Amino acid sequence: MSVQVWTYLIVGITFALYIGIAIWSRAGSTKDFYVAGGGVSPLANGMATAADWMSAASFISMAGIISFTGYDGSVYLMGWTGGYVLLALLLAPYLRKFGKFTVPDFIGDRYYSDTARIVAVICALLVSFTYVAGQMRGVGVVFSRFLEVDINTGVIIGMIIVLFYAVLGGMKGITYTQVAQYCVLIFAFMVPAIFISIQMTGNPIPQLGMSSTLNDGSDVYLLEKLNGLSTELGFNEYTSGAKNKVDIFAITLALMAGTSGLPHVIVRFFTVKKVKDARKSAGLALLLIAILYTTAPAVAVFARVNLIETVSDKPYISMPEWFKNWEKTGLLTFEDKNQDGNIQYVADAQINELKVDRDIMVLANPEIANLPAWVIALVAAGSLAAALSTAAGLLLVISASVSHDLIKKIFLPTISEKRELIAARLSAVVAVCVAGYFGINPPGFVAAVVALAFGLAAASFFPTIVLGIFYKRMNKEGAISGMIVGISLMLFYMAKFKLGWLGETPPSSQWWFGISPEGFGTVAMIINFIVSLLVCQFTAAPPLEVQEMVLNIRIPKGSPEIISNH
Amino acid sequence: MKQNYSQKAYWNTNLKYLAILLSVWFLCSYGFGILLVDQLNQINLGGFPLGFWFAQQGSIYIFVVLIFVYVRLMNNLDKKYGFDD
């Protein structure tokens, strides 16, 4: 069977599975819709969190980025896993004890203010929309390459699938489809990695294969060989970095704090029964995520070595079929500058003749390594699972923000549960359509902004929630001004140094403290902390019942059933 | 609800655990994986330069262990003070 038939088959089966699960787990109440009824087991929640968290960026792009940047790519590995330590230790247990539906719920109640609630809703929408547009685009790219349909058709198919199970099942449907999607995506990521690891090093465990000697009898360590190849072609040594340390530090911290402040990750911990379960499921989630995250750097090394050995100084006409296939997508381009018919792939841009988009490293990897057709099809199904599961989680945050935080809590407090559920479903439909629109007509800045969503979350939610739990005296004046200053500063820095909205984008030499826009979330977060604490000292302490609430969420006993009418 | 003695003691122990675990968290990622990476890269662990290993493998394993240690410590603490349910 050809790759395409396999792809239709495997993608078709997984889609049928997701739809089946959605029908089986329909939501009957707002509690089902927002927090899956509140009785999800720690393991199921861990799997769902892992799928929710691992997006198209983790599945498709991350290994590719590491492949081309070597040590500098570590910021993503540490940043996107270390955040779970912060989440498990500083946020998840207390937010579960608090026991409401959404992040703005916590901020609105803890800071006894609808202004705080609205600021939080705006931050949540800003973070989630920028993030979801990137996911829909990822779905489109996979469809266009593997099923040879138009990117736009791909986006629309993706929209319909997500619409179906997010609108019907809400959080309950999403949770159980995410469990299935985790299984699909981890299997799809591991199978080619294991195959290639055996091929190159003889070791079936990619994490160990990465540090083994090559299989070709030369007795050279794989990483040593890659360092040699890289320097020979004028690139940096793979295991050493090129970026400055301050920036690496800042990016890692921004990604960690951002991860633990992302609303679609936090709400997952509202779905378990007890505080104890929230802690445990954070641990399980990270364990399940770590399987992919420790394999990705191995995949990066294998793919890089394979790529260099396949193309470097080889005649263009002898290139294998995958090379031609990817050339058609425009993600791989060859320009014979010196007209010798060979491919010169080197660091020097003047001489270099090959441009490789980093996103194709994972997708093309099985083809480069000559793996069977079903493995290639599996990778397509895995990347779709990764993109769809994250998109669904984000859409739920968006719909809950609108129907619960805005309509129920602010504009129409008397709305009945039945109507709130209808409102929730309608806002999910609108959110899917908006996300689909951005997927089809991506504004030029989407790709740039997705990476910065973490900076926004770090600059707004992380300090406000942590202070809300660990500092009893923190009041609404402090929290609101901290959030507003933090997120505005982050937006300003993005607009100036990344998006070029405020005149020409200044060169990197003008970055504040040498910190890139990706790492600036760290600075904005620190400023948020400072502003909050300063303002708080000069304004009145929070009311006694709020202080008592803070003491109460610190004690796990008696965590409330999540209640819908409060 | 005033914070009584056992609640205060429980919270202080929790804060102590957090301080210890987060120091390890900081040391193995920001310390070994970033600030000291060049020095540690002089040492080899199998085919890995040690600093590079911390940045791309070791820190992640340690993060997982840290959370499970925390789960364990807190479950015991909850029991000790009768705050588990």
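The values are calculated or read from the model by the stated rules, or taken from the named source; none is laboratory data. On a predicted model such as this, the values are computed, not experimentally measured, just so you know. Counting neighbours? That spans all protein chains shown, and the Cβs are built from the backbone with ideal geometry, glycine included.
Annotations
- Of the candidates A:Met200, A:Met190, A:Met171, A:Met210, the single residue that is buried (at least 16 other Cβ atoms within 10 Å of the Cβ), aliphatic (A, V, I, L, M) and closer than 18 Å to B:Asn41 by Cβ is A:Met210.
- Annotation note: Cβ proximity below 7 Å between a residue of region A:59-85 that is within 8 Å of chain B (Cβ to nearest Cβ) and a residue that is outside any helix (DSSP H, G or I) (sequence gap 6+ or interchain) occurs for A:Tyr71/A:Thr239; A:Tyr71/A:Ser240; A:Tyr71/A:Gly241.
- Each residue in region B:13-26 was checked for being at the interface with another protein chain (Cβ under 8 Å from one of its Cβ atoms) and within 12 Å of the chain's Cα centre (by Cα), and 4 pass.
- Unmet criterion (only one of (1) facing another protein chain (nearest Cβ under 9 Å); (2) hydroxyl-bearing (Ser, Thr, Tyr); (3) loosely packed, with under 15 Cβ neighbours inside 10 Å) for B:Ser29: (3)
- Members of region A:303-336 found to be over 15 Å from A:Arg358 (Cβ atoms) and within 14 Å of another protein chain (Cβ to nearest Cβ), listed by number: A:Val305
- Scan of region A:168-213 for residues that are part of a loop (DSSP other than H, G, I, E, B) and farther than 18 Å from A:Ser67 by Cα, ordered by number: A:Gly202, A:Asn203, A:Pro204, A:Ile205
- Region A:228-249, subset of a type outside the set (Val, Ile, Thr) and within 10 Å of another protein chain (Cβ to nearest Cβ), residue nearest to B:Val71 (Cα to Cα): A:Phe249
- Matching residues in region B:43-74 - criterion: being at pLDDT 90 or above, more than 7 Å from chain A (Cβ to nearest Cβ) and in contact with a Phe, Trp or Tyr (Cβ under 6 Å, 6 or more places away or on another chain): B:Phe54, B:Leu73
- Residue match in region A:194-206 (condition: more than 22 Å from the chain's Cα centre (by Cα), within 14 Å of chain B (Cβ to nearest Cβ) and of a type in the set (Ser, Thr, Tyr)): yes
- A:Gly134 being over 23 Å from A:Val402 (Cβ atoms), part of a helix (DSSP H, G or I) and small (Gly, Ala, Ser): no
- Among residues of region A:504-553, those that are farther than 26 Å from A:Val75 by Cβ and of a type in the set (Phe, Trp, Tyr), counted: 1
- Those residues of region A:262-296 which are of a type in the set (Lys, Arg), more than 9 Å from chain B (Cβ to nearest Cβ) and not in a helix (DSSP H, G or I), in sequence order: A:Lys273
- Of all residues assigned to region A:361-382, none qualifies as being touching a strand residue (DSSP E or B) at 6+ places or on another chain (Cβ under 8 Å), buried (at least 19 other Cβ atoms within 10 Å of the Cβ) and at pLDDT 85 or above.
- Residue match in region A:473-486 (condition: within 14 Å of chain B (Cβ to nearest Cβ), touching a residue at least 40 places away in the same chain (Cβ under 8 Å) and out of contact with any Ser or Thr (no Cβ under 9 Å at 6 or more places or on another chain)): yes
- B:Phe83 being within 7 Å of another protein chain (Cβ to nearest Cβ), crowded, with 17+ Cβ neighbours inside 10 Å and not in a helix (DSSP H, G or I): yes
- Any hit, region A:528-539, residues being within 14 Å of another protein chain (Cβ to nearest Cβ), at pLDDT below 95 and either over 30 Å from A:Gly39 (Cα atoms) or not in a loop (DSSP other than H, G, I, E, B) (or both): no
- Near pairs, Cβ below 8 angstrom, 6+ apart or cross-chain, from region A:150-173 (under 22 Å from A:Lys31 (Cβ atoms)) to any residue that is in a helix (DSSP H, G or I) and aromatic (Phe, Trp, Tyr): A:Tyr165/A:Tyr18; A:Gly169/A:Tyr176; A:Gly170/A:Phe33; A:Gly170/A:Tyr34; A:Met171/A:Phe33; A:Met171/A:Tyr34; A:Lys172/A:Phe33; A:Gly173/A:Tyr165
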